[in-house]
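Q: Got a structure for you, written out below as structure tokens; questions coming shortly.
The values are calculated or read from the model by the stated rules, or taken from the named source; none is laboratory data. Since the model is a prediction, treat every value here as computed from it, not as a measurement. Cβ atoms come from the backbone with ideal geometry, glycine included; neighbour counts cover every protein chain shown. Keep in mind that these areas ignore ligands, DNA and RNA; they rest on the heavy atoms of the full protein, side chains included. Shrake-Rupley method; radii C 1.70, N 1.55, O 1.52, S 1.80 Å.
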Amino acid sequence: MLIVKKFGGSSVADKERIFHVAKRCMEDYQKGHDVVVVLSAMGKTTDQLIEMAKSINPNPSKRELDMLLATGEQCSVALMSMALATLGVPSKSLNAFQVAMHTSSAYGNARFKRIDGERIRHELDGRRMVIVTGFQGINKYDDLTTLGRGGSDTTAVALAAALHADACEIYTDVEGVYTADPRIVPTARKLKEITYDEMLELATLGAKVLHNRSVEMAKKYGVTLVVRSSLNQEEGTVVKEETDVESMLINGVAVDKNTARVAVIGVKDKPGIAFKIFHLLGKKNLNVDLILQSIGRDGTKDISFTIARDDVEEAVALLEQNKAAITAQRIEYEKSVAKVSVVGGGVQSNPGVAAKMFEAIYNVGINIRMIATSEIRITVLVDEGEEDKAARAVHEAFLEN
Ligand code: ADP
Ligand code: ASP
Ligand code: MG
């Protein structure tokens, strides 16, 4: 059997945890399995590297930032291989270059294009465990790229698909996928199973337990995922195409603090302005979520939208540069907002879902700033600091009784 096992940053945060993971992987190796281990950077390393970069240059080049961030995962894999050697297990650590994990050239947000399996197979054939750097790739310029925060999950799934692995296990610091982040909503329940589609929606709306692209890729290549704890032997959650459990009205609640609100004030109330604004942003790969347009008054209107907090400065600078073309009087933004969403197949067919969610939020005295809905989700924007309370109230309304 070929098993891909991925361990997140907190699971390899220090020497003890590295040895703990090494022993866990050793068990599978000793059963005769081929084991490929994907690791994230230790603990908060990636955050610290970003902070260090920004202290030297508040606007570092994306290429150089990726060059820097890729070092985090390289430390983890080398140390893991050393730990395994101490335990007497032969292994080899490999980075994105050595495996040859090709991505698009979008630094900081690269997507896998092609992965060579040869080098890994060669090592496995020699009965060596293979430890691969998560989160990184190489592009057509032979530069290092990174996949976006949380991207090591995607490395694991991409390798599982490329190597036709028999299992892909994502080990983290919680016991699986819950109906909400268990750190925010203590009453959240662990799910036995969840479908790719439901998981994708939760991940996209802020449930960082899995990187959303990893779920997208798992669905595309039919890779069944198991999310479980690196600290105990509990069963975890299976993520797959279809589940046996009947779909509930609402499957989960997600919170996303990585959001900001931009308001384009006083644009002309005429055709084509919204197109121009969102076309500009789209061309730069700046993803917009909630959008609100005010009613026109005296020939002008305001258009506001939410965007990932990391992208807000770039988006605002872009709109400022094109202020005349988009006929804006001014552009404002605020970072102190957060999104709370409910996700589930029942949203579309049950008109009462929106009212129930808004009532739950009203009952705890929180003001809703913006709203967006689709067939499977309702998202509200609230002031930062209120999102956890809102999530608990919404979770109680839909998922506890
Ligand atoms: P890793 O470093 O292992 O990749 P992450 O911090 O990226 O770990 O993801 C795990 C975290 O995701 C958990 O600690 C938890 O706080 C958070 N989380 C958010 N939503 C959920 C959810 N629905 N189920 C489980 N965990 C969630
Ligand atoms: N180390 C990277 C990050 O913190 C990748 C990961 O953890 O998945 O985003
Ligand atoms: Mg993660």
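Q: Only one residue in LYS62, LYS31, LYS44 is closer than 20 Å to ARG149 by Cα, of a type in the set (D, E, K, R), modelled with pLDDT of 95 or more and open to solvent by 90 Å² or more (accessible area, probe 1.4 Å). Which one?
A: After applying the criteria, what remains is LYS44.
Q: Given the condition within 16 Å of ligand 3 (Cβ to nearest atom) and part of a helix (DSSP H, G or I), answer yes or no: does some residue in segment 63-70 qualify?
A: yes
Q: From the list VAL245, VAL209, VAL255, which residue is modelled with pLDDT of 95 or more and assigned to a loop (DSSP other than H, G, I, E, B)?
A: VAL209
Q: I've got another one for you. Just one of (1) touching a strand residue (DSSP E or B) at 6+ places or on another chain (Cβ under 6 Å); (2) modelled with pLDDT under 95; (3) of a type in the set (Lys, Arg) trips up ARG261, so point out which.
A: (2) is the only condition that ARG261 fails.
Q: Further question: Looking at (1) of a type in the set (Asp, Glu); (2) more than 16 Å from ligand 3 (Cβ to nearest atom); (3) in a loop (DSSP other than H, G, I, E, B), find the lone condition where GLU123 falls short.
A: (3)
Q: Would you mention how many residues in segment 276-303 are assigned to a helix (DSSP H, G or I), surrounded by fewer than 11 Cβ atoms within 10 Å (Cβ to Cβ) and over 26 Å from the mean Cα position of the chain (by Cα)?
A: Residues in segment 276-303 being assigned to a helix (DSSP H, G or I), surrounded by fewer than 11 Cβ atoms within 10 Å (Cβ to Cβ) and over 26 Å from the mean Cα position of the chain (by Cα): 0 in total.
Q: Is it the case that some residue within segment 163-171 is within 10 Å of ligand 1 (Cβ to nearest atom) and in contact with a Ser or Thr (Cβ under 9 Å, 6 or more places away or on another chain)? Spell out the reasoning first.
A: Pass one, segment 163-171, residues within 10 Å of ligand 1 (Cβ to nearest atom): 170-171.
Narrowing the set further to residues that are in contact with a Ser or Thr (Cβ under 9 Å, 6 or more places away or on another chain) leaves 170-171.
Yes, because at least one residue in segment 163-171 is within 10 Å of ligand 1 (Cβ to nearest atom) and in contact with a Ser or Thr (Cβ under 9 Å, 6 or more places away or on another chain).
Q: If I go through segment 128-164 residue by residue, how many of them are in a loop (DSSP other than H, G, I, E, B), among the hydrophobic types (A, V, I, L, M, F, W, C) and either farther than 18 Å from ALA96 by Cβ or within 13 Å of ligand 2 (Cβ to nearest atom) (or both)?
A: 2
Q: If I ask for residues that are within 16 Å of ligand 3 (Cβ to nearest atom), over 17 Å from the mean Cα position of the chain (by Cα) and charged (D, E, K, R), which ones from segment 6-49 would you list?
A: ARG17
Q: Another question, if that's okay. Which one of the conditions (1) closer than 19 Å to ALA167 by Cα; (2) touching a residue at least 40 places away in the same chain (Cβ under 8 Å); (3) within 16 Å of ligand 1 (Cβ to nearest atom) does ARG189 fail to meet, given that it meets all the rest?
A: All conditions are met except number (1).
Q: Further question on the same structure: Run ASP298 past the list (1) within 28 Å of ARG377 (Cα to Cα); (2) modelled with pLDDT under 95 and report the number of the one that doesn't hold.
A: Answer for ASP298: the failing condition is (1).
Q: Additional query: So for segment 141-148 (the condition being among the polar types (S, T, N, Q) and either out of contact with any Asp or Glu (no Cβ under 6 Å at 6 or more places or on another chain) or modelled with pLDDT under 95 (or both)), does at least one residue qualify?
A: no
Q: Could you say whether any residue in segment 383-397 is open to solvent by less than 60 Å² (accessible area, probe 1.4 Å), modelled with pLDDT under 95 and β-branched (Val, Ile, Thr)?
A: No: zero hits.
Q: Next question. Taking LEU280 and the conditions (1) out of contact with any strand residue (DSSP E or B) (no Cβ under 8 Å at 6 or more places or on another chain); (2) modelled with pLDDT under 95, which numbered condition does it fall short on, given that it satisfies the others?
A: Exception for LEU280: condition (2).
Q: Another question, if that's okay. Return the pairs, sorted by first residue and then second, in which the second residue is among the basic types (Lys, Arg), the first residue lies in segment 215-237 and is open to solvent by 40 Å² or more (accessible area, probe 1.4 Å), the beta carbons are less than 9 Å apart, and the residues are 6+ apart or on different chains.
A: Pairs found: GLY222/LYS240; THR224/LYS240; LEU231/ARG17; GLU234/LYS190; GLU234/ARG228; GLU235/LYS190; GLU235/LYS192; GLU235/ARG228.
Q: I need the full set of residues from segment 97-107 which are assigned to a loop (DSSP other than H, G, I, E, B) and buried (at least 18 other Cβ atoms within 10 Å of the Cβ), in order please.
A: TYR107
Q: Listed residues LEU84, LEU94, LEU79; which is open to solvent by less than 10 Å² (accessible area, probe 1.4 Å) and over 25 Å from the mean Cα position of the chain (by Cα)?
A: LEU84
Q: While we're looking at this one, here's another question. Please indicate, with yes or no, whether at least one residue in segment 33-42 is assigned to a helix (DSSP H, G or I) and either at negative phi or within 16 Å of ligand 1 (Cβ to nearest atom) (or both).
A: No, segment 33-42 contains no residue that is assigned to a helix (DSSP H, G or I) and either at negative phi or within 16 Å of ligand 1 (Cβ to nearest atom) (or both).
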